[in-house]
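The numbers here are math on the coordinates, done by the rules we state, and not lab data. Everything numeric in this text was worked out from a predicted model, so none of it was measured. Glycine gets a Cβ as well: all are built from the backbone with ideal geometry, and neighbour counts include every protein chain shown.
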Amino acid sequence: MADWQGMSHGSWHLHGHIHSSGGAYNEFNRKQGLLRYDVGCDANGHSPVSLDELREWFAGVDEPCGRVKWPWWVNETGDRQVERELAAYKREEAIR
């Protein structure tokens, strides 16, 4: 779900089952100001995410936005710069 009811009013969107790799998807959501988080085990080191962890994560969102900038949540955009940034982030996460 790219957007959700209450998105522009500061509500969180917690979901799973998208098989995201590591934290790249969640980090790019945060980078663009989205209060959306993949709580699936594959995105979180195969561990549950606590409410306190989520509060801390969302506190790191500087300016929540009210709309999705869709190129940040897809793997291929046709925009070379976005794809380079996403690839660099994934490489950095794989090294950790």
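Please count how many residues of region 28-49 are touching a residue at least 40 places away in the same chain (Cβ under 8 Å), outside any loop (DSSP other than H, G, I, E, B) and surrounded by 17 or more Cβ atoms within 10 Å (Cβ to Cβ).
Step one: filter region 28-49 for residues touching a residue at least 40 places away in the same chain (Cβ under 8 Å), giving 28-29, 31-32.
In the following step, the residues that additionally are outside any loop (DSSP other than H, G, I, E, B) were identified as 28-29, 31.
From what is left, the residues that are surrounded by 17 or more Cβ atoms within 10 Å (Cβ to Cβ) are 28-29.
Summing the residues that are touching a residue at least 40 places away in the same chain (Cβ under 8 Å), outside any loop (DSSP other than H, G, I, E, B) and surrounded by 17 or more Cβ atoms within 10 Å (Cβ to Cβ) in region 28-49 gives 2.
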Looking only at region 50-65, and only at residues there that are touching a helix residue (DSSP H, G or I) at 6+ places or on another chain (Cβ under 8 Å) and part of a loop (DSSP other than H, G, I, E, B), the one that is farthest from residue 29 (Cα to Cα): 60
